[in-house]
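Presented below is the structure to which this report refers.
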């Protein structure tokens, strides 16, 4: 009986990984299709130069958002499955608070900084005065990084990959597409496109908060938490450094074009990059789904089943 029970565990984990990877892959495909269609609509509506300003503004805030994460969502993905398995609700509640304060506070500070220094950034760094209002508007969406990324981490930790797809890939992208088309149709130009991007993020953030609350009630006293600050930071900070390097590596071409080139070249490059991302989506989907499962197996010390999982 024990052998039968043991054999079902890796099969169950593989099924979860396969199902979650499939759901995530489909969600990523839908998101990329929507982004591609949106890029075509925006470019045809406002031209390559304005599309370049749009992408440059969002690239700057995306880098700031990546810096604001501090590696904490990745740490949540690592430890949430452990807290769930052990029934450690105070530890989970404390980790959520740490992530919310760390990511939320940092993203808010960076957003305020970009808003206040948008003009010097646009003039002295990118030499594009028209970028100033785009940066200011885009900076308003930075605080949404916290609920989105923490919500994704928690739902992944609970092994519900579909919630991220519903919130970010479907509802968020469709809202972004619909509102952007609406704003462009009434002549708002590049500012309308940025506003649509922010509204899509807002919808995704609200849905992810709802799903997080469904999995783990957020209506509980703050003082009931147990804070594993050292544990979280010991895991998150090394990963954070590598993720920041990766973030700059992926965005450096856009930044260099923005600094040395024209906004038209930025727009053309951004359109080409969207096509090249399609090839990476399946690998990204499998990696996102597997992380909480690997964390759970490693914490249980089940190296044999972990090896089988890797081999498969």
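Run down 90, 73 and say which single residue is more than 23 Å from residue 248 (Cβ to Cβ), in contact (Cβ under 8 Å) with a residue 24 or more places away in the chain, in a helix (DSSP H, G or I) and touching a helix residue (DSSP H, G or I) at 6+ places or on another chain (Cβ under 9 Å).
Unique residue meeting the criteria: 90.
Where in segment 114-171 are there helices (runs of 4 or more DSSP H), lying wholly inside it, with at least 3 residues that are over 16 Å from the mean Cα position of the chain (by Cα)?
Answer list for segment 114-171: 131-139.
Conditions first: (1) under 20 Å from residue 231 (Cα atoms); (2) modelled with pLDDT of 95 or more; (3) buried (at least 19 other Cβ atoms within 10 Å of the Cβ). Residue 79 passes all but one, so which condition is the exception?
(2)
Listed residues 240, 227; which is in contact (Cβ under 8 Å) with a residue 60 or more places away in the chain, out of contact with any strand residue (DSSP E or B) (no Cβ under 9 Å at 6 or more places or on another chain), within 20 Å of residue 72 (Cα to Cα) and assigned to a loop (DSSP other than H, G, I, E, B)?
Being in contact (Cβ under 8 Å) with a residue 60 or more places away in the chain, out of contact with any strand residue (DSSP E or B) (no Cβ under 9 Å at 6 or more places or on another chain), within 20 Å of residue 72 (Cα to Cα) and assigned to a loop (DSSP other than H, G, I, E, B) holds for just one of 240, 227, which is 227.
Take the conditions in contact with a helix residue (DSSP H, G or I) (Cβ under 7 Å, 6 or more places away or on another chain), within 30 Å of residue 51 (Cα to Cα), at pLDDT 95 or above and surrounded by fewer than 22 Cβ atoms within 10 Å (Cβ to Cβ) and apply them to residue 194. Does it pass?
no
So which residues in segment 93-108 are over 12 Å from residue 222 (Cα atoms) and touching a residue at least 12 places away in the same chain (Cβ under 8 Å), if there are any at all?
Restricting attention to segment 93-108, the residues satisfying the condition of being over 12 Å from residue 222 (Cα atoms) are 99-108.
Passing the criteria: 99, 100, 102, 103, 104, 106, 107, 108.
Taking the condition of being within 9 Å of residue 227 (Cα to Cα) and crowded, with 21+ Cβ neighbours inside 10 Å, how many residues in segment 82-92 meet it?
The total comes to 1.
The values are calculated or read from the model by the stated rules, or taken from the named source; none is laboratory data. Remember, it's a predicted structure, so these values are computed and weren't measured experimentally. Positions of Cβ are backbone-derived with ideal geometry, glycine not excepted, and every protein chain shown enters the neighbour counts.
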